[in-house]
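Shown next, in structure tokens, is the structure this report addresses.
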Amino acid sequence: MRDHDIPSKTQAGRDEIDRRTRRLAPVLRSLLLVVDGQRDVAQLRAMAASLHGPGDALEQLQALGLVGIGPQAAAPPPQAAAVAPGANGDAGSRYSVLYALMSDAVREQLGLRGYFLQLKIERCTTLAELVQVLPELRAAVVKARDAALADELDRRLRTAAQL
């Protein structure tokens with residue numbers, strides 16, 4: 001892929017977002033969430049790097065048939081682009097990324113102990129509501145793991161939300 005190419009999700013990519021059948025690595029899933037047919041490859045690679053993802057993350061998604069360049073990867077219909085009620089534009093995209101990262105963090109760092117926190121995240125319908133849950137997620141990771149890991153996770157989540 002060239003830096004100026006604009007990737008979009010394929011139908012398989014949209015299905016993966018809905019169903020989670022492939023069990024993608026968290027960083028690949030997060031990157032797939034932000035592929036929107038508007039950001040170019042250079043922007044998406046920068047996002048992947050900020051999430052500590054591999055340099056070939058987009059190529060991995062393309063090899064899996066989840067993203068593509070050109071007509072085979074048409075943007076989703078407008079009604080499917082609305083990720084959360086009341087979310088639109090950039091806020092909707094940030095909501096999607098933060099939601100995915102927080103869900104992945106709960107699963108990876110807390111396991112079953114994070115069940116109720118995951119339910120709380122799932123009830124969030126706006127970026128602002130997700131941001132309000134960040135301190136609770138940090139506290140749970142401190143309790144389950146350690147403060148340094150919780151601080152790094154909190155920093156990454158706030159960077160993804162552009163706070």
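When the stretch 6-26 is examined, which residues are found to be of a type in the set (G, A, S) and more than 13 Å from D104 (Cα to Cα)?
S8, A12, G13
Could you pull out the residue among A42, A63, A80, A74 that is more than 28 Å from R123 (Cβ to Cβ), at pLDDT below 85, loosely packed, with under 15 Cβ neighbours inside 10 Å and of a type in the set (A, V, I, L, M)?
Only one candidate qualifies: A74.
The values are calculated or read from the model by the stated rules, or taken from the named source; none is laboratory data. Everything quoted here is computed from the prediction, not taken from an experiment. No Cβ is skipped: glycine too gets one built from the backbone with ideal geometry, and neighbour counts run over all protein chains shown.
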